[in-house]
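A.B. asks: Can you read through this structure? Questions will come right after.
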Amino acid sequence: MRSVQYVLGIESTAHTFGCGIASSEGRVISNSKSEYTPKAGGIHPREASQHHAATAASTIREALTAAHMTIGQVDAVAFSAGPGLGPCLRTGATVARMLSQLAGKPLVPVNHCIAHIEVGRMCTREDDPLVVYVSGGNTIVSAYSGGRYRIFGETLDVALGNCLDTFARELGLPHPGVPKLEALADEGRSFIPLPYIVKGQDMSYSGLLTDAIRRSKDHDPKDLSLSLLEVAYGMLAEVTERALAHTEKPALLLTGGVARSRRLQRIMDAVCRDHGARFSVVPPDLAGDNGGMIAWTGYLALNEGVSVDVEESYVKPKWRLDEVDVPWRRGH
Ligand code: AMP
Ligand code: MG
């Protein structure tokens, strides 16, 4: 195989259709996206997938143009094969299969959660961090050990971002919910006790969300926002702190859409200081779902010989990150 230089990545697990191009020296050279925002309520999977189908061609064209490349110049096509919403994943996979067939390039399946980790490692140059991955659909504390990323804590029900976004919508705040909720919380004055639920190393956010919504009828939204964020981030900090103490990793990496939260960054930084670990955060433009992170992880995988035949390129809506071998991290 000729040495791999450029990989194009397709992201389509949930609200974002993204296309990015990564190069072998560890750079995302272009990253275009189109985001579906529901008119009301949460993500409607079929509507989101229709949005992806409608915007795929222009998003891909934009990414190629920004990189001054044609599809013939990329060495492979990577795609988010899971976890995510079935209809959205299938749309992205169809587009990726077609590009790979048209251009005669290998097709590389990528686990979306691992891509959030790998793009963070790439940007921060932290080689072996404990990773806190927080987004609209996922809340996972993980670290590499013995050939795979292992999970040292996760949500048992709704994701942190989803919990906060749902509450923000309940208050009538516009999308994206987390930054709006944090701005409101900055004006909060008193703490309202809410259910703090950590079971072993796992978090449960659904009871907290239900209770916060129930109390929103007769409590000050500023105080409630402050309290919800304190409890939600506090639970995550507790789990993270134990994982850091147990794994003795030298650094912590915060990644995923909610990593852009200044409030959460401050809390995680404090956890790190207590444990003598370095703290780093993925840059804001690569924090949310994007094709560049899929491209970069596709590059790492293809370099180790990972690719898939079109006939076998199924999507996996429930694909866990600890099911995936990560041969590019051998030697750790
Ligand atoms: P993702 O699913 O990775 O694209 O991340 C989406 C999540 O990031 C949603 O829960 C958003 O509310 C949240 N988010 C978006 N912008 C920010 C921000 N500036 N600070 C904190 N969270 C954010
Ligand atoms: Mg994500």
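A.B. asks: For the chain, what Kirkwood radius comes out of the mean inverse Cα-Cα distance, in Å?
C.D. replies: So the Kirkwood estimate lands at 20.1 Å.
A.B. asks: Report relative contact order for the stretch 128-285 in percent, whole number only (criteria: Cα-Cα under 8 Å, sequence separation at least 6).
C.D. replies: 27 percent
A.B. asks: A further question on this structure: With every protein chain left in place, what is the accessible area per residue of the stretch 128-285 in square angstrom, probe 1.4 Å?
C.D. replies: Spelled out: the 1.4 Å probe surface of the stretch 128-285, per residue, equals 42 Å².
A.B. asks: A follow-up question, please. Please name whichever of VAL315, ALA259, GLY305 sits farthest to the positive end of the charge dipole of the stretch 234-332, dipole taken about the Cα centre and charges placed at Cβ: Lys and Arg +1, Asp and Glu -1.
C.D. replies: ALA259
A.B. asks: Starting with the highest mean, order 226-235, 93-102, 195-204 by the number of other Cβ atoms within 10 Å, averaged over the residues of each peptide.
C.D. replies: Top to bottom by mean Cβ count within 10 Å: 226-235, 93-102, 195-204.
A.B. asks: Around ASN290, what is the net charge, scoring Lys/Arg as +1 and Asp/Glu as -1 over all other residues with Cβ under 15 Å from its Cβ?
C.D. replies: Values: positive: ARG27, LYS33, ARG260; negative: GLU11, GLU35, GLU62, GLU118, ASP285, ASP289.
With Lys, Arg at +1 and Asp, Glu at -1, the neighbours total -3.
A.B. asks: Continuing with this model, one more query. Chymotrypsin sites (Phe, Trp or Tyr not before Pro), restricted to the stretch 133-195: which are DSSP loop and have at most 12 other Cβ atoms within 10 Å?
C.D. replies: Sparse-neighbourhood loop chymotrypsin sites (Phe, Trp or Tyr not before Pro): PHE191.
A.B. asks: With charges set only on the Cβ (+1 for Lys and Arg, -1 for Asp and Glu), what does the dipole of the chain come to about its Cα centre, in debye to the nearest 20?
C.D. replies: Taking the Cα centre of the chain as origin, the dipole is about 280 debye.
A.B. asks: For the stretch 159-169, in order, what is each residue's ³J(HN,Hα) by Karplus, 6.51 cos²θ - 1.76 cosθ + 1.60 with θ = phi - 60°, in whole Hz (x at glycine and Pro)?
C.D. replies: Those phi angles translate into 6, 4, x, 5, 4, 5, 5, 5, 5, 4, 5 Hz.
A.B. asks: Using alpha carbons only, how many angstrom separate the centre of the stretch 268-332 from the centre of the stretch 19-55?
C.D. replies: Between the Cα centre of the stretch 268-332 and that of the stretch 19-55, the gap is 18 Å.
A.B. asks: With a/c under 1.5 counting as rounded, go ahead and sort the stretch 128-285 into rounded, prolate or oblate using the C-alpha gyration tensor (a ≥ b ≥ c being the square roots of the eigenvalues; past the cut-off, prolate if a/b is larger than b/c, else oblate).
C.D. replies: Prolate, because a/c is 1.5 or more and a/b exceeds b/c.
A.B. asks: Amide H to amide H under 5 Å from ILE29: which residues, 5+ apart in sequence or cross-chain, H placed 1.01 Å off N in plane?
C.D. replies: When sequence neighbours closer than 5 places are left aside, the close amide H contacts are ILE21, ALA22, SER23.
A.B. asks: Excluding residues on the same chain fewer than 8 positions from LYS33, give the lysines whose Cα lies under 28 Å from its Cα.
C.D. replies: LYS105, LYS180, LYS316, LYS318
A.B. asks: Separate question: In whole percent, and with a 1.4 Å probe on the protein chains, what portion of the accessible area of the stretch 11-150 is carbon and sulfur?
C.D. replies: It is 52 percent, rounded to a whole number.
A.B. asks: Next question, about the same structure. Among GLU241, GLU126, GLU25, which one shows the highest mean-square fluctuation when the chain is modelled as a Gaussian network with alpha-carbon springs under 10 Å?
C.D. replies: Most flexible of the set in this elastic network: GLU25.
A.B. asks: Separate question: Ignoring ligands, DNA and RNA, how do ASP285, ASP157 rank by accessible area with a 1.4 Å probe, largest first?
C.D. replies: Heavy-atom accessible area, descending, gives ASP285, ASP157.
A.B. asks: To the nearest 20 debye, what charge dipole does the stretch 32-188 have about its Cα centre, counting +1 at the Cβ of each Lys and Arg and -1 at the Cβ of each Asp and Glu? Each step should come with its number before you reach the end.
C.D. replies: Working: 13 positive and 15 negative charges, 145 e Å.
The dipole magnitude comes to about 700 debye.
A.B. asks: Might you work out the accessible area of TRP319 for me, using a 1.4 Å probe with all protein chains in place, and round it to the nearest 10 Å²?
C.D. replies: Here the accessible area works out near 30 Å².
A.B. asks: Of the listed peptides 247-255, 74-82, what is their order by residue-averaged count of other C-beta atoms within 10 Å, with the highest listed first?
C.D. replies: Working: 247-255: 21.6, 74-82: 27.1.
Sorting 247-255, 74-82 by mean packing, highest first, produces 74-82, 247-255.
A.B. asks: Can you give me the relative contact order of the chain as a percent, contacts being Cα pairs under 8 Å and 6 or more apart? Can you show the working numbers first?
C.D. replies: On the way: 733 pairs, mean separation 86.1, N = 332.
With pairs under 8 Å counted, the relative contact order is 26 percent.
A.B. asks: With springs connecting C-alpha atoms under 10 Å apart, model the chain as a Gaussian network and identify which of SER142, SER32, SER261 has the largest mean-square fluctuation.
C.D. replies: Taking springs between Cα atoms under 10 Å, the residue moving most is SER261.
A.B. asks: Take the chain, connect every pair of alpha-carbon atoms lying under 10 Å apart with a spring to form a Gaussian network, then pick out the residue of LEU64, LEU184, LEU236 with the largest mean-square fluctuation.
C.D. replies: Its mean-square fluctuation being the largest, the pick is LEU184.
The values are calculated or read from the model by the stated rules, or taken from the named source; none is laboratory data. In this text the structure is predicted, and so the values were computed from the model without any measurement. All Cβ positions, even for glycine, are placed from backbone atoms using ideal geometry, and neighbour counts span all protein chains on display. Each accessible area value is taken on the protein alone, full model and side chains, heavy atoms only, with ligands, DNA and RNA left out. Shrake-Rupley method; radii C 1.70, N 1.55, O 1.52, S 1.80 Å.
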